[in-house]
Amino acid sequence: MTRSALVTGGNRGIGLAVARSLAGAGHRVAVTYRTGPAPSGFLAVRCDVTDPDAVDAAFRAAEAEHGPPEIVVSNAGITRDSLLLGMSDADLHAVLDANLVGAARVARRATSGMLRKRWGRLVFLSSIMGFSGSPGQTNYAASKAGLVGLARSLAWELGARGITSNVVLPGLIDTDMITELDPRRRDELVGRTALGRVGTPEEVAAAVGFLTAPEAGFVTGAVVPVTGGLGMGQ
Ligand code: NDP
């Protein structure tokens, strides 16, 4: 069965791979993009998840074209790295607002349509750093750990209505985001993977594809690592 799907930050990196994979599964996919040109091949809506009106407008556009989103992948995220000692309030707020509050805002807007359908799939892109912690990434790790509490609380709030809420936990994935990492830190993290390499956006999209599939209807509150073995044991 094809569904209406919405992916935030779907213009590049993991979000784009997720959008392509959902479209490949036959779903009607809307993606949000914040800057740059609109990605082609999808219904693309400009949206900054820190702006509640923009989130509402993105959902309204998706609803008008595809029907209420039944699969919502909260992928948009940023880093603003520095040691906490020197971190500005602006960088603390920016990361928590985009990564955690933005995800909650998107999920809240998605919920009413899913409740009406009595079917829904919420997937949140967290990070292994939310579990292991990461020096210089207190804001980022806190935002990503917070997504687990958010997703699991939603699993409880919405489960009786046929809506699942799960988390995907990527390790080091080959996108623009890791080009900002110090190369020594990158090599150190790769050295701690069992597979000895970074992952691809498509490998993350495959986990999202499983969680959004009809067969995953009994999976909720789960945290699915896609880390190559980095930090096993969550
Ligand atoms: P990228 O930096 O390649 O892409 C981030 C995406 O999020 C872009 O589409 C960006 O839009 C969008 N975005 C950022 N801020 C906002 C905002 N305020 N409102 C709307 N959209 C926004 O990152 P990745 O593809 O690597 O990461 C995707 C997700 O996966 C993120 O949540 C990230 O934290 C997580 N992740 C990534 C890992 C990795 O190693 N790459 C590891 C673990 C987790 P724009 O193009 O306009 O900037």
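What follows draws every value from the coordinates through simple rules; no lab data is involved. All figures in this text were calculated on a predicted structure; none of them were measured in a lab. Every residue, glycine among them, receives a Cβ derived from its backbone with ideal geometry; neighbour counts consider all protein chains shown.
Assorted remarks:
- Residues Met232, Met87 arranged by fewest to most Cβ contacts within 10 Å: Met232, Met87
- At most 14 other Cβ within 10 Å, DSSP loop - trypsin sites (Lys or Arg not before Pro), segment 71-133: Arg118
- Here the Karplus relation 6.51 cos²θ - 1.76 cosθ + 1.60, evaluated at θ = phi - 60°, turns the backbone of segment 11-26 into coupling constants of 8, 7, x, 5, x, 5, 5, 5, 4, 5, 5, 5, 5, x, 7, x Hz, with x for every Gly and Pro.
- Put a plus charge on the Cβ of each Lys and Arg, a minus charge on the Cβ of each Asp and Glu, and nothing anywhere else: the dipole of the chain about its Cα centre is then about 640 debye.
- Mean separation of Cα contacts under 8 Å, 6 or more apart, over the residue count of the chain: relative contact order %: 19
- Residues Phe210, Phe59, Phe131, sorted so that the one with the fewest Cβ neighbours within 10 Å comes first: Phe210, Phe131, Phe59
- Each part gets one Cα centre, and for segment 6-21 versus segment 150-182 those centres are 13 Å apart.
- Rounded, prolate or oblate (a/c below 1.5 giving rounded, otherwise prolate when a/b exceeds b/c) for the chain by Cα gyration tensor: prolate
- A cut-off of 5 Å between modelled amide H atoms, ignoring neighbours fewer than 5 places along the same chain, links Ile173 with Gly199.
- Value at 222 nm in deg cm²/dmol, rounded to 500, when DSSP H runs of n ≥ 4 in the chain each add -39,500 (n - 2.57): -13000 deg cm²/dmol
- Count Lys and Arg as plus one, Asp and Glu as minus one, and take only other residues whose Cβ is under 14 Å from that of Ser88; the net charge is then -3.
- The H on the amide N of Ala30, modeled in the peptide plane, is under 5 Å from the matching H of Ala5, Leu6, Val7, each at least 5 residues off or on a different chain.
- Fewest-first ranking of Ser132, Ser165, Ser4, Ser112, using other Cβ atoms within 10 Å as the exposure measure: Ser112, Ser132, Ser4, Ser165
- For segment 187-200, Karplus couplings with θ = phi - 60° (6.51, -1.76, 1.60), whole Hz, Gly/Pro x: 5, 4, 5, 4, x, 9, 8, 5, 8, x, 7, 7, x, 9
- Size of charge dipole - segment 98-234 - debye, nearest 20, with Cβ of Lys, Arg +1 and Asp, Glu -1, no other charges: 700
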